[in-house]
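Below you'll find the structure, written out as structure tokens, and then a few comments.
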Amino acid sequence: MIKIALQKLSYVVLMLFIICVISFGAIHLAPNSFFASGELNPNITADSIAQLKKVYGLDKSLVEQFISWLKAVVQLDFGISFASGQSVRDEILSRLPITLLLNIISLVLVFSISMFLGIKSALKQESKFDRFTKQFSLLSYAMPSFYLALLLVIVLSVKFGLFPISGLHSVDVKGDGFSYYLDFSWHLVLPIFVMVFGGIGSLSMYIRSLTLNVLKSDYIFFALSRGVKGMKLFRYFILPNISPPIVTILGLSLPGLIGGSVILESIFAINGMGLLFFQSALSRDYPVIMGILIISAFLTLLGNIVADLILLKLNPHFKRAN
């Protein structure tokens, strides 16, 4: 286990370096920049722009900039934001809690509901519940998240006034008492609903397909012939065999905890990581963009490692395959 973990760690370091090189080069070779004439101020002079580039180290060659940036990243210093002048690390940390809260709640709900729908639908194939699950999953998969979010805001918030339109807190609610947290929770209902609704469709159908394949296997046939059924069949024969691919998907979902949902956070005016990335991309704020990209890449690689290590425990044959 330790040997495999070290091998995976060396793989992460190598891949992170390659991702850093590609991302850094792609962003800096893109047309226009934050310091292009007129981006900051239409009256700004060329001398002022040159001075700003010198302050941020952009007057050096790309190789020198990359080496300086890489040394800083190793120390978890992602530089200074062009737009706000604040530390990129501080900006990310200030936006991180709400994005983590939204995505962790959504992830738990998506996997829990999808497991229930997918497994029960497979066990009751061609029943009314199965047909309902397939139709619901198709609607979930086909419905664009931004359209559903706007539709819910127009109907439930603007027309009926049941939910807040945007933000995380009402203007007239202050303090940190019960009413404050109740108001905060009420603001999260629509964003979480949209995120959960959009994630259920494909995952529940995938789990249904996995379960159907397991139910057609020989060991299920022999288990049924021996009188194994109910929860015992599910616990010892079905769940262990559908768990590995689900664990892999769960590991690949880790970057979403940080990246958030760019479109939904923009629609609901939630000041999280998704909105920060969107604003930084519009303003070409390179340090913030690079900081979020590297963190997301690291989490993607980390998710793969965590999934592989869990699979080693779930499936002894997986160790030999690696």
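Tell me the label-point distance for the pair Ser61, Leu252, using the 7 Å Cα-to-Cβ offset, in nm and rounded to one decimal.
4.0 nm
Tell me whether the stretch 46-89 comes out rounded, prolate or oblate; compute the Cα gyration tensor, take square roots of the eigenvalues as a ≥ b ≥ c, and use a/c under 1.5 as the rounded threshold.
oblate
Could you pull out the longest piece of the chain with no exposed loop GluC sites (Glu not before Pro) in it, calling a site exposed if DSSP puts it outside H, G, I, E, B and it has at most 15 other Cβ atoms within 10 Å?
My reading of the result: 127-322 is the longest stretch.
Tally Lys/Arg at +1 and Asp/Glu at -1 over every other residue whose Cβ is under 13 Å from the Cβ of Ile119; what's the total?
+3
Can you work out ³J(HN,Hα) from phi for every residue in the stretch 124-140, in order, using Karplus 6.51 cos²θ - 1.76 cosθ + 1.60 and θ = phi - 60°, giving whole Hz and x for Gly and Pro?
Per-residue couplings from phi come out as 10, 4, 6, 8, 4, 5, 5, 5, 4, 4, 5, 5, 5, 5, 5, 5, 4 Hz.
With θ set to phi - 60° and the Karplus curve 6.51 cos²θ - 1.76 cosθ + 1.60, what are the ³J(HN,Hα) couplings of the stretch 281-297 in order, to the nearest whole Hz, using x for Gly and Pro?
5, 5, 8, 6, 7, 3, x, 5, 4, 5, x, 5, 4, 5, 5, 5, 5
Starting from the Cα-Cα distance between His169 and Ile263, subtract it from 0.36 nm times their residue separation and give me the gain in nm to one decimal. Each step should come with its number before you reach the end.
Values: separation 94, 0.36 × 94 = 33.84 nm, distance 1.96 nm.
Here the segment from His169 to Ile263 would lengthen by 31.9 nm.
Going through the cross-link list Lys120/Lys313; Lys124/Lys216; Lys120/Lys216, which pairs have a Cα-Cα distance over 18 Å in this structure? Each step should come with its number before you reach the end.
Details: Lys120/Lys313 26 Å; Lys124/Lys216 14 Å; Lys120/Lys216 15 Å.
Pairs exceeding the cut-off: Lys120/Lys313.
What residues have an amide H closer than 5 Å to that of Leu168, excluding those fewer than 5 places away on the same chain, when H is modeled at 1.01 Å from N in the peptide plane?
none
Assign one of three labels to the stretch 199-312, namely rounded, prolate or oblate, based on the Cα gyration tensor with a ≥ b ≥ c the square roots of its eigenvalues; rounded applies when a/c is under 1.5, prolate when it is not and a/b is larger than b/c, and oblate otherwise.
prolate
If you take the beta carbon distance between Ser157 and Leu14 as r and set R0 to 56 Å, what does 1/(1 + (r/R0)^6) give as a FRET efficiency, to the nearest 0.05?
0.70
May I ask you to compute the full-extension gain from Lys54 to Asn213, defined as 0.36 nm times their residue separation minus their alpha-carbon distance, rounded to one decimal in nm? Mind showing how you got there, number by number?
Values: separation 159, 0.36 × 159 = 57.24 nm, distance 6.14 nm.
Taking 0.36 nm per residue and subtracting the Cα distance, the gain is 51.1 nm.
Size of the dipole of the stretch 60-145 about the Cα centre, Lys and Arg at +1 and Asp and Glu at -1 on the beta carbon, nothing else charged, in debye to 20?
420 debye
Put a dot 7 Å past each Cα toward the Cβ at Ser243 and His28; how far apart are the dots in nm?
4.7 nm
Mind giving me the FRET efficiency for Ile2 and Thr45? R0 is 56 Å, r the Cβ-Cβ distance, nearest 0.05 is fine.
My answer for the efficiency is 0.40.
Is the C-alpha gyration tensor of the stretch 247-308 telling us rounded, prolate or oblate? Criteria: a/c under 1.5 is rounded; beyond that, a/b larger than b/c is prolate, otherwise oblate. All intermediate terms of the calculation are to be shown ahead of the outcome.
Values: a/c = 4.09, a/b = 1.68, b/c = 2.43.
Because a/c hits 1.5 or more and a/b fails to exceed b/c, the stretch 247-308 counts as oblate.
I need the Debye-formula profile for the chain: one equal scatterer per C-alpha, no solvent, reported as log10 I(q)/I(0) at q = 0.09, 0.10, 0.13 1/Å, two decimals.
-0.65, -0.78, -1.12
Please compute the modelled spin-label separation between Phe178 and Tyr147, points set 7 Å along Cα→Cβ, answer in nm with one decimal.
4.2 nm
Please compute the net charge surrounding Ser204, taking Lys and Arg as +1 and Asp and Glu as -1 over other residues with Cβ under 15 Å from its Cβ.
Charge balance in the 15 Å sphere: +4.
Normalising by the residue count of the chain, find the relative contact order in percent from Cα pairs under 8 Å and 6+ residues apart.
25 percent
Given a 10 angstrom Cα cut-off, can you work out which residue in Leu282, Leu299, Leu93 is the most mobile in a GNM of the chain?
Of Leu282, Leu299, Leu93, the most mobile in the Gaussian network model is Leu282.
Once you charge only the Cβ atoms, +1 for Lys and Arg and -1 for Asp and Glu, what is the size of the charge dipole of the chain about its Cα centre, to the nearest 20 debye?
So the magnitude is around 1740 debye.
Would you work out which of Ser209, Leu168, Phe82 lies farthest towards the positive end of the dipole of the chain, given +1 charges on the beta-carbon of Lys and Arg and -1 on that of Asp and Glu, about the Cα centre?
The one lying farthest along the dipole's positive direction is Ser209.
Kindly state, to the nearest 0.05, the FRET efficiency for Leu312 paired with Phe222, given R0 = 25 Å and r defined as their beta-carbon distance.
That pair, Leu312 with Phe222, gives E of 0.40.
In the stretch 119-226, what trypsin sites (Lys or Arg not before Pro) fall in a loop by DSSP, with at most 16 other Cβ atoms inside 10 Å?
Lys124, Lys174, Lys216, Arg226
Can you work out ³J(HN,Hα) from phi for every residue in the stretch 149-164, in order, using Karplus 6.51 cos²θ - 1.76 cosθ + 1.60 and θ = phi - 60°, giving whole Hz and x for Gly and Pro?
Values, residue by residue: 4, 5, 5, 5, 5, 5, 7, 7, 9, 6, 6, 9, x, 7, 10, x Hz.
Would you please give the residues with an amide H less than 5 Å from that of Ile80, counting only those at least 5 places away or on a separate chain, with H modeled from the backbone geometry?
It is Val88, by chain and number.
Tell me the net charge near Gly167. Cut-off is 13 Å between Cβ atoms, Gly167 excluded, with +1 for each Lys or Arg and -1 for each Asp or Glu.
Charge balance in the 13 Å sphere: -3.
With each run of n ≥ 4 DSSP H residues scored as -39500 (n - 2.57), what mean residue ellipticity at 222 nm is computed for the chain after dividing by its residue count and rounding to the nearest 500 deg cm²/dmol?
On the way: 14 runs with 227 residues, N = 322.
Rounded to the nearest 500, the figure is -23500 deg cm²/dmol.
Readers should treat all values here as calculations from the given coordinates under stated rules, not as data from a laboratory. Source: prediction; values computed, not measured. We place every Cβ from the backbone using ideal geometry, glycine too, and count neighbours over all the protein chains shown.
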